[in-house]
Amino acid sequence: MTDRCPGRDAPHLAVIGAGPAGLAAALAAAARGVRVTLLDAEPEAGGQFYRQPAAALRARRPQALHHQWRTFARLRHGLARHIAAGRVRHAREHHVWFAERAPDGGFTVHALTGPGRGDPAEVRADAVLLATGGHETVLPFPGWTLPGVVTAGGAQAMLKAGLVTSGNTAVVAGTGPLLLPVATGLAAAGVDVRALVESADPGALPRQARALAAQPGKLAEGALYAGQLLRHRVRVLTRHTVVEAHGTERLEAVTVAALDAGGRTRPGTARRIACATLAVGHGMLPHTDLADALGCRLAGPAVHADDEQRTDVPGVWAAGECTGVGGAALSLAEGHIAGRSAAARLLGAPPGPDAWPEAARTRARLRAFSAVLDAVYTPPPGWGERVTDATVVCRCEEVTAGAIRASVRELGAGDVRTVKLLTRAGMGWCQGRMCAPAVAGLAGCAFTPSRRPFARPVPLGVLARAGEDAGGDGGRAEDQGEGDGRAAGAGG
Amino acid sequence: MVGAACALYASRAGLDVILVDRGPVAGGTTGAGEGNLLVSDKEPGPELALALLSTGLWAGLAEEFGTAVEYEAKGGVVVASSTGGLTALEEFAQGQRAAGVLAEPLAPHALYDLEPHLAPGLPGGVHYPQDSQVMPALAAAHLIRGSGARLLTGHTVTAVLRTPGGAVRGVRTDRGDLLAPAVVNAAGTWGGDLAALAGTHLPVLPRRGFVLVTEPLPRRVRHKVYAADYVADVASDSAALQTSPVVEGTAAGPVLIGASRERVGFDRTYSLPALRALAAGATRLFPFLADVHALRAYLGFRPYLPDHLPAIGPDPRVPGLHHACGHEGAGIGLATATGHLIAQVLTGHPPDLDLAPFRPDRFTEESA
């Protein structure tokens, strides 16, 4: 592959999100002669996935994690090389709140940056590639709002920031593959992990032998985590759930119980486990706000994308968890395809039907695998019954399960939007990102992503001036590559 | 909202009511409204008469439904941005007073007494104590529950059933027929479609509006505050985007910012120019809002008829069919009087207001 160095007139692609999908996309597009601006909210590229618990990575450099780390190192190196060559500008700490089609046919991406995220930044581009990732979901249970109860992803962030102190006690609970690295990461950091409470039965996985056989790496990863849990003496309780979190000022203990086949707790199995931290997660949901604001069609909770990772809006691609949650490896494959497709089409050479067979095969295999995981790691059907009327479900607006149930029973609500209108559940700062799946479950209706035109809150003073100088030709300050001027022939 | 009010007043007049909606409660324009109960933006005429009747009825319902519908008799403050504008506004208010509206001129000091956080240097305004507010989705849901009507959500009307003589005898839904000697078309922005199912014509069209919602704040905007040019926009026939700031605090904390108007059909994409204009207008009125975050925005489609008056009453072309739609941006406010008048007509009582200006057959086919 020959890297070309794009000139100022090269087509310009804005990639939103610098996780696995965005990184792979930016690299693939930049290597093919497209000018890329990579916007990301964090100071460093990597996204949520490569913000791995440092302790776990240091622990023993185990093979599977090492493999992921090598991949990330390669991506980071590639990014640095493209930045140095002026092919990619990495817009760090850019919090994108809106993206729109510009009147002249291009796109404008609106971000907030600077101290306090108060400064507007706009990027004009010929095409947009959404790699906005996903966010964690947590289903409520009595006591889940106590201090000390954190999300599984929140626990990972605490690990990274060094906020986890050795000697603490923790329980990791919920469902999904994310619980394993969280538990091992906490244990490796010296936390006494009293139990890993998984409501699903991962024993069901081997029955899906064909999809698994195609994933030796995934099996090795699973075996590795299992070995680590064993080494740290973490008790693994599958088909169990946290029934309630206890504490007055903050978390002191949890009650866990075994589940029957119908997802109900089995009488007589409840036990109390003392712990200071409960890390709980019930999987991920795609971030679709920017896609929705651009008018892209959604398929269920995710952005719809075709074989080339194109959305149904011309000029907008999507890759990674925002098109369906499936893990980092899948995001890499999708990002790579999206970046190549965008480059090919922006440079006027539409790809043939079999343009990237290897990436397409990887993508197909990983999607099949993630479908298997999805089928196994689903919240138990009886979770809603364990949520008492007094339990707060929407934390921003302090709406209880009882108010949600009453809106359905007495006021004629039948979908999430109407429940929201009648109870304010999901109207607060997080705009229902946290509680919408729970609200849907308790209201007995299907979860559908609600329409949120702003991907994050934006000061009215910024909104009032947004796009004021739209229509420029891309020569504005925000649009300059930070490697400009050093662009001579660094490509291979 | 209008359907809910019709159900409430018709039930209370002794009728057996079935309320049918293809979506959930408040699923159409009601769920996208601010809940304005305004007299201030209406010039003397049939709509103002309807608004004044509605205001009294809302106050009565507020006693009954209490805080459940978040009724607030907060009053409106209309602000002039120039001395010329103030003169025009005061003349407008003069006419309203003659028609029975409470409208108190505000010298600058009085204006800032009412709204201390307004931008400095404004020449004055008018205070409208009768303007008030409800939370529209809650209002619709509680009125329906209070009505005792049978509520069938998720039922789509696919046909209006008629006798060989042409009179309505009910509706067909995708989940069965519902027989009734009278059918009220309270389908709002989609009222024209329902009229067409009954074989008649009502040119209801959508006029898109956005509302910006801020993070929750301690109460700093006390009334419904808007700029005097709002009135001109409301009455305008233009298809182009118009925005004039309407700013108000809510019981729940967020500040709501309207009001944009554009005729773009049922386009549901979020338009940055419209949202930007709303933010700019609001920060001009209340500079402190520049640092306040917008959390979200929502959009809705106001049902408007060519002369900006609703269609209320029996349709002489189809015996048994009644219309209660086309209230444009005032449907929440005008719902009570509309429901009350429809109930009077359905039970053979003379209506409290002359319905002639609201006749559904006042449009020719061409006027659409």
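Throughout, read-outs are computed from the coordinates displayed, never taken from laboratory work. Here the structure is a predicted model, which means the values were calculated and not measured. Note: ideal-geometry Cβ built from the backbone for every residue, glycine included; neighbour counts use all protein chains shown.
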- Query: Nearest 20 debye, what's the magnitude of the dipole of chain B about its Cα centre given +1 on Lys and Arg Cβ and -1 on Asp and Glu Cβ?
  - Reply: 840 debye
- Within the range A:389-443: Cβ-based charge dipole about Cα centre, in debye rounded to nearest 20 (Lys, Arg +1; Asp, Glu -1): 140 debye
- Message: With the crude spin-label approximation of a point 7 Å out along Cα→Cβ, what separation in nm comes out for residue A:410 versus residue A:306?
- Response: 5.1 nm
- Cβ-based exposure ranking for B:338, A:448, A:248, in which fewest neighbours within 10 Å come first: A:248, A:448, B:338
- Would you mind computing, in nm to one decimal, how far apart the modelled labels at residue A:371 and residue B:87 are, each placed 7 Å from Cα along Cα→Cβ? 7.4 nm
- Query: Treating the beta-carbon of each Lys and Arg as +1 and of each Asp and Glu as -1, no other charges, what is the dipole magnitude of the protein assembly as shown about its Cα centre, to the nearest 20 debye?
  - Reply: 3800 debye
- Measure nothing fancy, just the Cα-based angle from helix B:46-65's long axis to the longest principal axis of chain B, in degrees from 0 to 90, nearest 10. 90 degrees
- Listing A:417, A:367 by rising number of other beta-carbon atoms within 10 angstrom, fewest first, gives A:367, A:417
- Task: Given the options B:124, B:191, B:165, state which has the largest fluctuation in a GNM of chain B using a 10 Å cut-off (strictly under) for Cα springs.
- Result: B:165
- Contact order relative to length for the range A:389-443, counting C-alpha pairs under 8 Å separated by 6 or more residues, stands in percent at 38 percent
- Query: List the trypsin sites (Lys or Arg not before Pro) in the range A:74-163 that DSSP assigns to loop (not H, G, I, E or B) and whose Cβ has at most 14 other Cβ atoms within 10 Å. Which are they?
  - Reply: none
- Message: Let's test the formula: R0 of 22 Å, r as the Cβ-Cβ distance of residue A:378 and residue A:233. What FRET efficiency results, to the nearest 0.05?
- Response: 0.15
- For the range B:256-296, run through the chymotrypsin sites (Phe, Trp or Tyr not before Pro) and keep only the ones in DSSP coil with at most 16 other Cβ atoms within 10 Å of their Cβ. none
- Message: I'd like to know which of B:101, B:56, A:275 lies farthest towards the positive end of the charge dipole of the protein assembly as shown, counting +1 on Cβ of Lys and Arg and -1 on Cβ of Asp and Glu.
- Response: A:275
- Item | Residues B:342, B:18 arranged by fewest to most Cβ contacts within 10 Å | B:18, B:342
- Task: Using only the C-alpha atoms of the range A:389-443, find the volume of their convex hull and express it per residue in Å³.
- Result: 56 Å³
- Task: With unit charges on the beta carbon (Lys/Arg positive, Asp/Glu negative), name the residue among A:445, A:84, B:187 whose Cα is farthest towards the positive pole of the charge dipole of the protein assembly as shown.
- Result: A:84
- Message: Let me check I've understood the local charge: for residue A:259, count other residues with C-beta under 13 angstrom from its C-beta, Lys and Arg +1, Asp and Glu -1. What total comes out?
- Response: 0
- Residues of the range A:245-278 with backbone N under 11 Å of the label point set 7 Å from the Cα of residue A:192 along Cα→Cβ are A:274-276
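Count the DSSP beta bridges whose two residues both fall in the protein assembly as shown, then state the antiparallel fraction as a percent rounded to the nearest 5.
65 percent
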- Item | Along principal axes, Cα extents of the protein assembly as shown, largest first, whole Å | 87, 71, 60
- Task: Using a Gaussian network model of chain B whose springs link C-alpha atoms within less than 10 Å, name the residue from B:56, B:31, B:209 with the highest mean-square fluctuation.
- Result: B:56
- Item | Coil-residue trypsin sites (Lys or Arg not before Pro) of the range B:108-189, DSSP, other Cβ within 10 Å capped at 16 | B:175
- What average number of partner chain Cβ atoms lie no more than 10 Å from the Cβ of the residues making up B:13-23? 1
- Query: In deg cm²/dmol and to the nearest 500, what is the mean residue ellipticity at 222 nm of chain B if only DSSP H runs of at least 4 residues count, each as -39500 (n - 2.57), divided by the residue total?
  - Reply: -9000 deg cm²/dmol
- Item | Inter-probe distance in nm under a simple model that places probes 7 Å from Cα toward Cβ, at residue B:67 and residue B:267 | 4.2 nm
- Message: Would any residue of the range B:1-20 have its amide N under 16 Å from a label point 7 Å out along Cα→Cβ of residue B:163? List them or say none.
- Response: none
- For peptide A:426-435, compute the average count of partner chain beta-carbon atoms within 10 Å of each residue's beta-carbon. 2
- Under a 10 Å cutoff between Cα atoms, tell me which one of B:63, B:47, B:262 has the largest fluctuation in the Gaussian network model of chain B. B:63
